[in-house]
Amino acid sequence: MPKLTVDGVEVEVPAGSTLLQACEAAGAEVPRFCYHDRLSIAGNCRMCLVEVEKAPKPVASCAFPAGDGQVVHTKSELARKAQKGTMEFLLINHPLDCPICDQGGECDLQDQAMGYGFHSSRYDENKRAVTDKHMGPLVKTIMTRCIHCTRCVRFSTEIAGVTDMGMLNRGENAEITTYLEKAIDSELSANVIDLCPVGALTSKPYAFVARPWELKKTESIDVMDAVGSNIRVDTRGSEVLRVLPRLHEDINEEWISDKTRYACDGLKHQRLDKPFVRKDGTLQPASWAEAFTAIAAKLKDTAGTKIAAIAGDTADVEAMYALKSLMARLGSPNLDCRQDGAKIGDGPRASWVFNTTIAGIEDADALLLVGTNPRWEASLVNARIRKRWLRDGFPIGVIGEKRDLTYDYDHLGAGPETLAQVADGSHAFAEILKGASKPMIVVGMGALTRADGAAVLATCRAIAETYGMIQDAATGEDGETVPGWNGFNVQHTAAARVGGLDMGFLPGKGGRDVAGIVEGAGSGAIEVVWLLGADEIDIGALGKAFVIYQGHHGDRAAHRADVILPGAAYTEKDGLYVNTEGRVQMAMAASFPPGDARIDWTILRAFSAEVGQTLPFDSLEALRRALMAEHPSFAAIDTIEPAAWGAFGTAGTMDGAGFASPIENFYMTDPISRASKTMAACTEELVLPKRAAMTGTDG
């Protein structure tokens, strides 16, 4: 490990470190534009010049290796002159757009110009101008501002795994472009906006909307998928204006998907802001008292066994717990949180979580994907797989649909026949798994929501046990216990699913699951169905059942409902969510529900009093105490406890049909994203043309 001196401070850094990293370790500030610690080194901007004793000229610290005995100066006259000269050079062609630039107030160029810039420029020549480029409905371009740091190019190529962006020409004629000026075809494309150190790439939907100092910033959790990305919700008044990523190394690093970032405009459209009761065949506005009275009147003469509840994909833990408690008091065993009918929940917790953890993907040395398209189902998980693959090209096998996943893989087959061959060792990929020290399998909802899902799950468990994916804890070199490797993983698509499974929001003794509830509603065996934001079931098959819809958007289920109870969206309430890893996280309210809408657990608490079954909590704190007393795992915020292994799945015959991902359109998967104009624009430009090309139609 080399030792060197930076501004009089001696530091020791790992072998292979750069001078810039050594300067950071010594606490010295070095300006930079092109350098980013998650991207390859480019050395384009030259802003990080420092003086190294005995060197003939200032060196670019981002690309210069740290060596033993070096003496570095970051604030010497030579270094400061070089840094200021570079800043002056970068500003030769940069327009004076700060008053109208959306990057204003959050701009690296502004910040560093204050510290390293001059009050005026010595260059009198005409500034160059560059035509703006089309990069799709999300990224706005003002390319005259570009300083050619190539962060966007490196991100799209290295992290996102698409080759849509690049730099053409040289010198003064250099331009960043998408070559044919097409939309960036990536689910992570808008992260280039955060990376751009100037105002060349900005948010198209957010253009000229607000300045950063006008906004209230709230740290929260995303619910657009089951990854649980950490986000910051920026609001002005009661309106959510934008969503940005927060750093969480173990989950999303510092990236978020485009749906996470831009579906928030759906919070403004098709909102339910008052109760409705169906009268004379039509839904009519009502007061809360009228809505509760209508439900209570129906429940009064209905046996508990004829009442059912289904929790939707974005429900918070507190709301599900309150609904489960209410159903128990009403005597109903018919409840389910598995809208898609996934055949999970009957075994130990290890059978329904991502045991390896998202960060743990980087430790694996072989991967089998079964019935999942992680690029659409969990974009940040897919990015982590690509990150691991880039390191040394570790072997990946896919059983299911053949899709572009941004990394090379072996397409082993379409469905259960291939899965069985891997399980019995007759497939060539079985040898790869057998030779790996830390193999892993990821099973998606495309495999588990089928009628034979339990048999598929049992086969996947057999693979995990046969090929050493379940390893016991060991003792490390320092004598400490090293957790055992668990390579069995379930990739969920719903933010609410693991939380619902953890609390047992499942059919009780003699109770019906989702399929049974829908069938019972159609046949008359189920007379009342309470939908907690559940819009992805077969609404048309509910027959004459009395449907109560508690949710925040006028989506599919609201049109069928007999009573609508307007709830709060994820940005409007404090709530717990459990991601696909089993990590409990806390979302915080950034705004208030619109109109007469209320937070979901409070609706259930108020209604319970109406029917004489008052729930034993009057505050969120009291509810959480009751929840955590009954289910202690919810008290462990942002931690992962290894789940015990055991038997699960049901051995049986598997259908011959191939596995298919449940997501047909990445940009529209829930009521919020379906109400988003931005997601509609993405669908029109990025999804429909591909669909038309595949089917030979016009979309």
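Tabulated data
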read-out: Carbon/sulfur fraction of accessible area - the stretch 229-319, other protein chains in place, 1.4 Å, %; value: 48
read-out: Evaluated over the stretch 517-568, the Cα radius of gyration and Dmax, each in Å; value: 10.1, 32
read-out: Linear extension gain, Glu641 paired with Arg170, 0.36 nm per residue minus alpha-carbon span; value: 164.3 nm
read-out: For the chain, calculated [θ]222 nm from helices alone, where every DSSP H run of n ≥ 4 adds -39500 (n - 2.57); value: -7000 deg cm²/dmol
read-out: Label-point gap, in nm, between Gln613 and Val71 - each point 7 angstrom along Cα→Cβ; value: 8.1
read-out: Accessible surface, 1.4 Å probe, highest first, among residues Lys75, Lys690; value: Lys75, Lys690
read-out: Chymotrypsin sites (Phe, Trp or Tyr not before Pro) within the stretch 328-425, DSSP loop, no more than 13 other Cβ atoms inside 10 Å; value: none
read-out: Rounded accessible area per residue of the stretch 308-357, 1.4 Å, Å²; value: 21
read-out: Given (i) 90, 59, 56; (ii) 98, 77, 69; (iii) 98, 79, 62, the label whose value is Cα extents along the principal axes in Å derived from this model; value: (i)
read-out: Rounded accessible area per residue of the stretch 1-156, 1.4 Å, Å²; value: 50
read-out: Proximal lysines to Lys324, defined as alpha-carbon separation beneath 16 angstrom and excluding residues fewer than eight positions away on the same chain; value: Lys306, Lys509
read-out: Cα-centred dipole magnitude for the chain, charges only on beta-carbon of K, R (+1) and D, E (-1), debye, nearest 20; value: 1240
read-out: Cα gyration tensor shape for the stretch 367-462, rounded if a/c is under 1.5, else prolate or oblate; value: oblate
read-out: Taking the chain and dividing mean pair separation by its residue count, relative contact order in percent (alpha carbons under 8 Å, at least six apart); value: 15
read-out: In range of the label at Glu10: residues from the stretch 58-83 whose backbone nitrogen is under 20 Å from the point 7 Å along Cα→Cβ; value: 66-74
read-out: Per residue, the convex hull volume that the Cα atoms of the stretch 1-103 enclose (Å³); value: 116
read-out: Segment Glu401-Asp346, extension gain: residue separation times 0.36 nm, minus the distance between their alpha carbons; value: 17.1 nm
read-out: FRET efficiency estimate (nearest 0.05) - Cβ-Cβ, Val209 to Met586, R0 25 angstrom; value: 0.35
read-out: Where chymotrypsin sites (Phe, Trp or Tyr not before Pro) fall in DSSP loop in the stretch 187-255, at most 11 other Cβ within 10 Å; value: Phe208
read-out: Förster radius 45 Å - calculated FRET efficiency between Phe89 and Gln270, Cβ distance, rounded to 0.05; value: 0.30
read-out: Pair Ala657, Ser121: separation of 7 Å Cα→Cβ label points (nm); value: 6.3
read-out: Potential extension, Lys298-Ala473 segment - 0.36 nm per residue separation minus Cα distance; value: 57.6 nm
read-out: Relative compactness, the stretch 550-699, computed as alpha-carbon Rg over 2.2 N^0.38 Å; value: 1.41
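The values are calculated or read from the model by the stated rules, or taken from the named source; none is laboratory data. What you are looking at is a predicted structure, and each value in this text was computed from that prediction instead of being measured. We place every Cβ from the backbone using ideal geometry, glycine too, and count neighbours over all the protein chains shown. We work out accessible area using only protein heavy atoms, side chains counted, and drop any ligands, DNA or RNA first. Shrake-Rupley method; radii C 1.70, N 1.55, O 1.52, S 1.80 Å.
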